[in-house]
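Read the structure below first, then the notes.
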2 protein chains.
Amino acid sequence: MKRSNRLVVLTDFFLENPRKHIQLPYFVRLCDTTKSSISEDLDIIHAVFQSQGMGYLQRSTGAGGGVKYIPEYSQENNMQFIEELRKKLEDPSRILPGGYLYMSDLLGDPQTVREIGRVFASKFSKMDIDVIVTVATKGIPLAYAVASFLNVPVVIARRDPKVTEGSSVSINYVSGSSRKIQTMVLPKRSLEEGANVCIIDDFMKAGGTITGMINLLSEFDAHVQAIGVLAEADDEEEERIVDHYTSLVKISNVDMRHHTIEIQAGNFVEDLTNFE
Amino acid sequence: MKRSNRLVVLTDFFLENPRKHIQLPYFVRLCDTTKSSISEDLDIIHAVFQSQGMGYLQRSTGAGGGVKYIPEYSQENNMQFIEELRKKLEDPSRILPGGYLYMSDLLGDPQTVREIGRVFASKFSKMDIDVIVTVATKGIPLAYAVASFLNVPVVIARRDPKVTEGSSVSINYVSGSSRKIQTMVLPKRSLEEGANVCIIDDFMKAGGTITGMINLLSEFDAHVQAIGVLAEADDEEEERIVDHYTSLVKISNVDMRHHTIEIQAGNFVEDLTNFE
């Protein structure tokens with residue numbers, strides 16, 4: 001296989017298999033070439049990925065050494081995406097009765113969902129995460145998007161147990177905003193004890209649902225390493241009951257009477273700025 | 001930008017933007033090169049995509065001409081994936097009380113879900129599809145996977161209306177297997193009238209849920225162009241009420257007493273064979 005062909009094959013492979021450790025002999029066989037040629041190919045791909053702000057190839061040497069694609073978006077790419085998202089959400093026609101915000105069109109667009117996943121995965125890429133957990137329904141596409149970049153499975157908590165998932169563990173919790181008692185269940189065989197978990201959801205107000213998930217996960221002795229929410233609502237009346245989380249945007253000042261809304265960047269961006 | 005770098009950038013672009021029509025001047029600017037160089041790059045990428053059985057670049061000439069990546073898996077790749085899936089599902093430890101089958105581990109694996117999406121998208125790639133519709137919960141990741149390859153949005157029908165989705169249309173229908181009356185709702189602003197729809201779900205027995213979706217979609221004057229289900233259950237007692245659909249696998253002979261199960265290839269494979 002010629003270099004030009006190999007570059008296409010290898011680029012495809014890395015994009016389809018993020019964070020997967022591959023030993024060089026695998027690529028030598030795949031491309032029917034020498035180890036030194038593959039090594040040069042990897043240098044080229046690494047350089048392009050870096051210059052495009054789409055991550056890097058992590059090489060390791062010695063016995064069992066190899067290469068792994070880490071899909072870590074550049075801060076510039078992340079900021080740009082969040083800014084575009086912020087502008088799209090600031091459209092007043094999104095305001096629904098009760099001060100809610102219509103986001104189903106954005107959450108229904110696979111490309112947008114994939115980008116959201118990529119942004120979260122960039123943030124969490126250095127953490128030790130075994131599994132993404134979300135609760136049905138709207139968090140599901142986001143959870144899969146994050147999971148596809150971190151190369152870990154997804155587990156879905158539900159409001160009601162399903163016969164097709166076998167025996168399950170359930171908890172009752174108080175929803176933060178409605179103050180209603182709700183149930184959340186997780187199938188027993190879906191999660192190993194002591195797993196390192198990242199919680200993903202689309203929306204957080206007081207944080208009742210996220211707290212419910214944390215409590216449910218403690219039944220599995222899981223360690224919550226990270227929490228990511230697409231949008232948080234600025235709620236001055238309620239004290240937030242979840243401390244450490246990452247949000248992409250913050251919804252504030254939904255004014256039903258004047259039909260205006262304000263969307264700010266979430267703490268993802270603050271953290272980036274602090275880091276610089 | 002050198003050819004080797006351009007090949008990495010362009011391969012990434014096509015994989016992230018399937019079925020998106022791009023005019024060549026866009027790539028000329030992106031890569032700061034000439035039209036003839038880009039044209040040669042596209043020839044190389046097309047040839048590699050073809051030889052790997054991962055689709056092709058569709059070129060069009062004249063005013064507004066350009067290029068589009070069609071992610072159409074080869075029949076060999078499709079057959080191989082379905083065969084692997086069939087074997088994984090034939091594990092007797094998957095049998096649950098009531099003769100159901102535990103599939104949440106496979107549906108929780110983003111790579112498997114993505115492959116399922118790619119296989120369906122290969123089948124439906126010649127059809128005129130504007131939107132993927134599924135019903136919460138388990139069909140959701142599959143719907144997004146298909147949608148990401150067809151580059152169309154996803155709309156999710158639910159069992160209960162949500163305030164965050166605005167006004168909605170609802171229908172009642174009789175579930176095929178349980179004979180219970182169920183409700184299904186779709187937000188009004190989620191779907192344009194007369195849309196061409198592909199229905200995706202994880203499981204079909206008698207077909208009550210799919211029929212419910214078809215009825216709900218008829219309220220939007222939608223045209224159901226294709227129906228894809230991951231697994232269908234062979235049910236001799238019930239007559240299937242859905243006619244045209246594509247399944248990847250067929251579950252038959254779940255024997256609770258002897259703890260055995262038989263999984264066959266679905267009609268996706270039969271259709272492939274007939275086609276040859």
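The values are calculated or read from the model by the stated rules, or taken from the named source; none is laboratory data. Everything quoted here is computed from the prediction, not taken from an experiment. Note: ideal-geometry Cβ built from the backbone for every residue, glycine included; neighbour counts use all protein chains shown.
If we scan the range A:156-175, do we find a residue that is within 12 Å of the chain's Cα centre (by Cα) and in the same structural domain as A:Gly208 (by TED's automatic domain parsing)? Within the range A:156-175, none of the residues are within 12 Å of the chain's Cα centre (by Cα) and in the same structural domain as A:Gly208 (by TED's automatic domain parsing). Taken as a whole, the condition of being among the acidic types (Asp, Glu), touching a strand residue (DSSP E or B) at 6+ places or on another chain (Cβ under 6 Å) and either buried (at least 17 other Cβ atoms within 10 Å of the Cβ) or closer than 30 Å to B:Ile70 by Cβ (or both) applies to B:Glu165.
Residues that are without any contact (Cβ under 8 Å) to a residue 24 or more places away in the chain, within 11 Å of chain B (Cβ to nearest Cβ) and either more than 25 Å from B:Gly55 (Cα to Cα) or not charged (D, E, K, R) (or both) within the range A:9-39 comprise A:Val9, A:Phe13, A:Leu30, listed in sequence order.
Let's see how each residue does on (1) under 23 Å from B:Ile156 (Cβ atoms); (2) β-branched (Val, Ile, Thr); (3) touching a Pro at 6+ places or on another chain (Cβ under 6 Å):
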| position | (1), (2), (3) |
| --- | --- |
| A:Glu40 | no, no, no |
| A:Thr61 | no, yes, no |
| A:Pro71 | no, no, yes |
| A:Thr112 | yes, yes, no |
| A:Asp128 | no, no, no |
| A:Lys138 | yes, no, no |
| A:Asn151 | no, no, yes |
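Taking the criterion of being in a helix (DSSP H, G or I) and in the same structural domain as B:Tyr100 (by TED's automatic domain parsing), would at least one residue in the range B:217-229 satisfy it? Among the residues of the range B:217-229, at least one is in a helix (DSSP H, G or I) and in the same structural domain as B:Tyr100 (by TED's automatic domain parsing), which makes the answer yes.
Exactly one residue out of A:Asp255, A:Asp234, A:Asp202, A:Asp221 is farther than 21 Å from A:Phe120 by Cβ, of a type outside the set (A, V, I, L, M) and touching a strand residue (DSSP E or B) at 6+ places or on another chain (Cβ under 9 Å): that is A:Asp255. Listed here are the helices (runs of 4 or more DSSP H) enclosed by the range B:92-198 that have at least 1 residues being under 24 Å from B:His21 (Cβ atoms): B:110-124, B:139-150. Mind checking whether some residue in the range A:96-105 is among the acidic types (Asp, Glu) and either in contact with a strand residue (DSSP E or B) (Cβ under 9 Å, 6 or more places away or on another chain) or farther than 29 Å from B:Ile156 by Cα (or both)? There is no residue in the range A:96-105 that is among the acidic types (Asp, Glu) and either in contact with a strand residue (DSSP E or B) (Cβ under 9 Å, 6 or more places away or on another chain) or farther than 29 Å from B:Ile156 by Cα (or both).
The condition (being surrounded by 15 or more Cβ atoms within 10 Å (Cβ to Cβ) and under 19 Å from A:Lys126 (Cα atoms)) is satisfied by just one residue among A:Leu15, A:Leu10, A:Leu42, A:Leu30: A:Leu15. The set of residues in the range B:22-55 being assigned to a loop (DSSP other than H, G, I, E, B) and more than 30 Å from the chain's Cα centre (by Cα) consists of B:Asp32, B:Thr33, B:Thr34. Filtered by the rule that a residue be in a strand (DSSP E or B) and in contact with a helix residue (DSSP H, G or I) (Cβ under 8 Å, 6 or more places away or on another chain), the range A:56-81 gives A:Tyr56, A:Leu57, A:Arg59, A:Gly66, A:Val67, A:Tyr69.
Here's the yes/no breakdown for (1) more than 25 Å from A:Ser104 (Cβ to Cβ); (2) out of contact with any His (no Cβ under 8 Å at 6 or more places or on another chain); (3) surrounded by fewer than 18 Cβ atoms within 10 Å (Cβ to Cβ); (4) modelled with pLDDT under 90:
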site	(1), (2), (3), (4)
A:Gln182	no, yes, yes, yes
A:Asn196	yes, no, yes, no
A:Ile199	no, yes, no, no
A:Asp202	no, yes, no, no
A:Gly207	no, yes, no, yes
A:Ile210	no, yes, no, no
A:His223	yes, yes, yes, no
A:Gly228	no, yes, no, no
A:Asp234	no, yes, yes, yes
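For the range A:91-113, taking the residues that are more than 9 Å from chain B (Cβ to nearest Cβ) and among the hydroxyl-bearing types (Ser, Thr, Tyr), the one that is nearest to A:Val254 (Cα to Cα) is identified as A:Ser93. Of the set (1) within 22 Å of B:Lys138 (Cβ to Cβ); (2) more than 7 Å from chain B (Cβ to nearest Cβ); (3) without any contact (Cβ under 8 Å) to a residue 24 or more places away in the chain; (4) in contact with a strand residue (DSSP E or B) (Cβ under 6 Å, 6 or more places away or on another chain), all apply to A:Asn172 but (1).
Take B:Ile156 and decide whether it is in contact (Cβ under 8 Å) with a residue 12 or more places away in the chain and more than 13 Å from chain A (Cβ to nearest Cβ). Taking the combined requirement at face value, the residue does not satisfy it. The set of residues in the range B:140-153 being facing chain A (nearest Cβ under 7 Å) and over 20 Å from B:Ala222 (Cα atoms) consists of B:Pro141, B:Ser148. Looking across the range B:237-260, the residues that are over 23 Å from B:Ile214 (Cα atoms) and crowded, with 20+ Cβ neighbours inside 10 Å come down to B:Ile251, B:Val254.
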